[in-house]
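This report concerns only the one structure given below.
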Amino acid sequence: MDLAVSVALTAIECHLPLVSLTVEETSYLSRITSFFLLNYSLIKFYRIYLYPRFFSPLRHLPGPQVSLLRYQLDCRITGAQQDNNVIVGQELNKFRADNPVGLQLDWSRKWPDAPFIRYLSIAGREALIVNSLAAHKAILQTHVYDFVKPPFFSRLVGEITGVGLLFAEGEDHKQQRKLLAGPFSVPSMKKILPVFQRSVESLSKDFEMALGNKPYASIEVIDTLSKSAMDSICLTVLGIELGTVSSSFQDLYTRVLHQGPLGQLLSAINAFIPIRRLVPLEANRKFIEANKDLRQMLRDIIGKRKTDLRNGNFKREMGESRDLLTYILEESELQREQTGRDPWSVEDIIGHVCHESTANSVSWALYVLSTKHEIQDRLRAEIRGLLESCGEPTYEDINGLPYLHNFVRETLRVYSPSLMSPRQASKDLIIEGIRIPKGTQIDIHMPLIHHHEGIWGPDASLFDPERWDRLDGDNASPYAFQAFLQGPRMCPGKNFAMIEIKVMLIELVNKWRFLGIERWDGTTVNHRSGERGEREMLLNGEEAVGRGIKLANPALTYRPAGGLLVRFERL
Ligand code: HEM
């Protein structure tokens, strides 16, 4: 756009009589170049500096200020005090914070009553952070289809999850969601439950192996749970037996999701400037290859399942407790018969193989249980009460456990697995009395609402499962809990994720006692054990995010930087 305006202005200027006379001596080419560069620089100066500071209708909103030509590379992050850098806005500051949403939490605490907080991103682009229940409702419900996913987000996340439902808009999105209602419904989840229950048994085997004959041992739970959730998702979503391809999946997903620092930097740059195909670096090549292999594996599985279903083989094999892919393909087949076209592509289905969020939630649940033993004891008493009374619990039995339900919701509230969902205004809008111009970026940060003291009280960041029994006023609003978002774009996998997390916790809490978290500095040598690093046990009071352990940043989820080492014993 700016380029086009500069070219148009240059064309006009070069043909003005006054200009033609004064620059007669210079060659035509250098005249065009000079005018073009001057126009382009002036337009950029206006866009980057003058517009956000003096002309934008959003300039009066609360948020960090704009400072001209002040680089803050050496400043310590102090959140709310930090100015916008004129070139990179707040982007560098975000990466240098000790929490992936630390800066945004500071701003929310500084301006708790503002519906929106404004900050500047790269090259003076304005972005609004949603900070009130009413503003969330307007964006997620009332104007849901007036906000679209911004291109940088589809490049950042879409290259991992696929570009299916998550990036569908308007009527297309409504249509796809209608079709998914059956596969993700409660009756479908009830049928999938036995598959979950079977797959979590392998989780305890990993704990058994780590323990051996010792009285207690430690296990790195993030990798262990991620592997288990991958097994579980392979069985429940794709209908693939354990141990057949799930380890290759795990390996490929890890290479795609957990790249090294250079890989992460490339992904971040690629989100804004599409450089993926141009950079001849090893980290980039590995990412592209892993991604390609992963998609090919999924394509093969989906293709084979389609053929099996058409031949009537698969349903007979799996009986009643079928996987989600089968449900989706059956629904798809019905639609194809009625409308003559496939409602979903392979890319759409790929996005449903998401295992990281559930594994991440159970990791944080174990963190809490290890550091708050009274919560662990209470949860175990409830779970054992159920198992003693009924053996293999049903869907209703599991969802009928009030403390487990509160515990899981509180884990998702304090350690929300999704940290951000961005949007972009597709037209000019007025929300909460604020005029939002078309194209404005809107950031929904789930932790902001979850840790908002005006909504959840002064102890908003404390882990307290019983708060769910005392909901009143603002915290009783559906928009006070955003782990799965709300409205028409809410996560369709919510029931799936909730029951999966509960089944994993029932298995673990029933069989193992969690003694504490080992914090491992990894830099010194312990003279008694000869092991590198001192191990310090975290036992209580570490629930405030970022205090007990160092969080990874940049990260798309809350993740302890050096893994999570849980010490446990057999019950
Ligand atoms: C704890 C686990 C999970 C959490 C916290 C979670 C959270 C979310 C959130 C916040 C969104 C909205 C993203 C956005 O619009 O930017 C979303 C969308 C989605 N989730 Fe989940 N999710 C979880 C598990 C799952 C599972 C297990 C599945 C599938 C089996 C799933 C499938 C989807 C799909 C297909 C969408 C796109 C929905 C749409 O745009 O209409 N999720 N999820």
For Gly102, are the conditions met, namely being more than 16 Å from the ligand (Cβ to nearest atom) and under 16 Å from the mean Cα position of the chain (by Cα)? yes
Could you pull out the residue among Ile273, Ile240, Ile269 that is among the β-branched types (Val, Ile, Thr) and within 16 Å of the ligand (Cβ to nearest atom)? Ile240
Every pair of residues 6+ apart whose Cβ atoms lie under 8 Å, when the first sits in the range 281-307 and is closer than 14 Å to Leu262 by Cα while the second is open to solvent by 30 Å² or more (accessible area, probe 1.4 Å) and aliphatic (A, V, I, L, M): Leu281/Leu262; Ala283/Leu262
Restricting to the range 443-454, give me the number of residues that are surrounded by fewer than 21 Cβ atoms within 10 Å (Cβ to Cβ) and among the hydrophobic types (A, V, I, L, M, F, W, C). 0
Subset of the range 495-509 [more than 7 Å from the ligand (Cβ to nearest atom), within 18 Å of the chain's Cα centre (by Cα) and not polar (S, T, N, Q)]: Met498
Picking from Phe249, Phe196, Phe207, which residue would you name as being under 20 Å from Phe568 (Cβ atoms) and not small (Gly, Ala, Ser)? Phe207
Mind telling me which of the residues Gln482, Gln486 ends up being within 16 Å of the ligand (Cβ to nearest atom), closer than 28 Å to Asp172 by Cβ and crowded, with 22+ Cβ neighbours inside 10 Å? Gln482
Going by what's in this entry, would Val144 be described as modelled with pLDDT of 95 or more, touching a Gly at 6+ places or on another chain (Cβ under 7 Å) and of a type in the set (A, V, I, L, M, F, W, C)? yes
Taking only the range 348-372 into account, find how many residues are near the ligand (Cβ under 9 Å from one of its atoms), among the β-branched types (Val, Ile, Thr) and modelled with pLDDT under 60. 1
Considering only the range 458-474, how many residues are open to solvent by less than 20 Å² (accessible area, probe 1.4 Å) and more than 10 Å from Glu410 (Cα to Cα)? 1
Could you list, in sequence order, all residues of the range 400-444 that are among the β-branched types (Val, Ile, Thr) and touching a residue at least 24 places away in the same chain (Cβ under 8 Å)? Val408, Thr411, Val414, Ile431, Ile434, Ile436, Thr440, Ile442, Ile444
Residues (under 22 Å from the mean Cα position of the chain (by Cα) and under 30 Å from Pro150 (Cβ atoms)) located in the range 457-476: Ala460, Ser461
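The values are calculated or read from the model by the stated rules, or taken from the named source; none is laboratory data. Since this is a predicted model, take the numbers as computed values, not measurements. Please note: Cβ atoms are built from the backbone with ideal geometry, for glycine as well, and neighbour counts cover all protein chains shown. Ligands, DNA and RNA are stripped out before the accessible areas are found, and what is left, the full protein with its side chains, is counted by its heavy atoms. Shrake-Rupley method; radii C 1.70, N 1.55, O 1.52, S 1.80 Å.
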